[in-house]
1. Please state, rounded to one decimal and in Å, the Kirkwood hydrodynamic radius that the stretch 55-196 gives when every pair of distinct Cα atoms enters the mean of 1/r.
2. Working from the pairwise distances between different alpha carbons, so that the mean of 1/r is found and then inverted, what is the stretch 1-101's Kirkwood radius in Å?
3. Could you give me the radius of gyration and the Dmax of the stretch 191-261, taking only the C-alpha atoms into account and expressing both in angstrom?
4. When the dipole is taken about the Cα centre of the stretch 104-152, and only Lys, Arg (+1) and Asp, Glu (-1) are charged at their Cβ, what size is it in debye, to the nearest 20?
5. Only Lys, Arg, Asp and Glu count, each charged at its Cβ (+1, +1, -1, -1), so figure out the dipole size of the chain about its Cα centre, rounded to 20 debye.
6. Suppose only helical runs count, i.e. DSSP H with n ≥ 4. What mean residue ellipticity at 222 nm does that imply for the chain under -39500 (n - 2.57) per run, divided by all residues and rounded to the nearest 500 deg cm²/dmol?
7. In µm²/s, what is D for the stretch 140-261 at 25 °C and 0.890 mPa s, where D = kT/(6 pi eta Rh) by Stokes-Einstein and Rh is the Kirkwood radius from Cα pairs?
8. Based on the alpha carbon coordinates of the chain, what radius of gyration and maximum Cα-Cα distance (Dmax) apply, in Å?
Amino acid sequence: MNTAKKPKPAPVHYLVTGVDGIIPRSAEAGFPTDIAAALGTTIDHPNPGRRWYDDTAFSYFRTVSAPAEVLDDAPGLAAWRLWEVQPLGTTGNWNENGRRDDRWRLYAHQLQVVREVDAHLALGPRGRQVRDLLDQELPGLARRWAATYQADPARVDNAHRTWRLCTFVEPAAARGDDAHTHAAYHSRNTRRTAALLRAEHLAIKAALAATEEEFGRSAAHYAAMRAESLADAVLMEDRLSEYVLNSLRGLYLEQFTPAGV
């Protein structure tokens, strides 16, 4: 019997750009690097710095083998493109103090641009569901939540505070603060921290856009908090218990929706 171990497949590496195909950090540094134009080719870094320390705003290509962490390298993007790349030449992931960065990171001064992949992968294994929530479901949900708040602000404020802080208020669901802690903890364990933070940000932004002008700041803020929690539930649904998910989905809070809202 052949007991030789099969070699592990080489990890796939990813890099994120704006919708224009340009690496955001490269544009900020004055060396715009168009990954879309380099598809199928090998490119060299236009302004390489020391290995691997950011002594300039853009001193190396930053790649990840965990696609749901890639958005950490593109703060602020509401839309993006995701690329499979192959780091070439000397690579590494240590900083100036000799400490290694996260093991799914790999830095290089040369890349082969292999192909473009589905952008929703940057939001994790449930990225498509997260996009559906952000693009299709949240505007209507946010308006309903804002209307709930507007109908009885004091009661809804008290209910939300109770949901956040009180244990055993709803036997079928965790208190809100604990539910968010569970989501953050499991996002770290499954390499989805950047995805979770971006999904929360985009959910809040979508809820505010759908409600602030019509319902006012306080009602819109309540809708944004509900949106943030629901985004956590959708993104982490495959890793969290129903006890936690019920809380993030607002099981306790839904009972305070006035009739007709």
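1. Working: mean 1/r = 0.0542 Å⁻¹.
In the stretch 55-196 this quantity evaluates to 18.5 Å.
2. 15.0
3. Rg and Dmax of the stretch 191-261, Cα atoms, are 13.2, 41 Å.
4. Details: 7 positive and 6 negative charges, 30 e Å.
Computed charge dipole of the stretch 104-152: roughly 140 debye.
5. About 860 debye.
6. So the helix-based figure for the chain works out to -12500 deg cm²/dmol.
7. 170
8. 21.7, 73
The values are calculated or read from the model by the stated rules, or taken from the named source; none is laboratory data. Everything numeric here is computed off the predicted structure, so don't read it as measured data. Cβ coordinates were reconstructed from backbone atoms using ideal geometry, including for glycine residues, and neighbour counts include every protein chain displayed. Note: areas computed on protein heavy atoms with side chains; ligands, DNA, RNA excluded. Shrake-Rupley method; radii C 1.70, N 1.55, O 1.52, S 1.80 Å.
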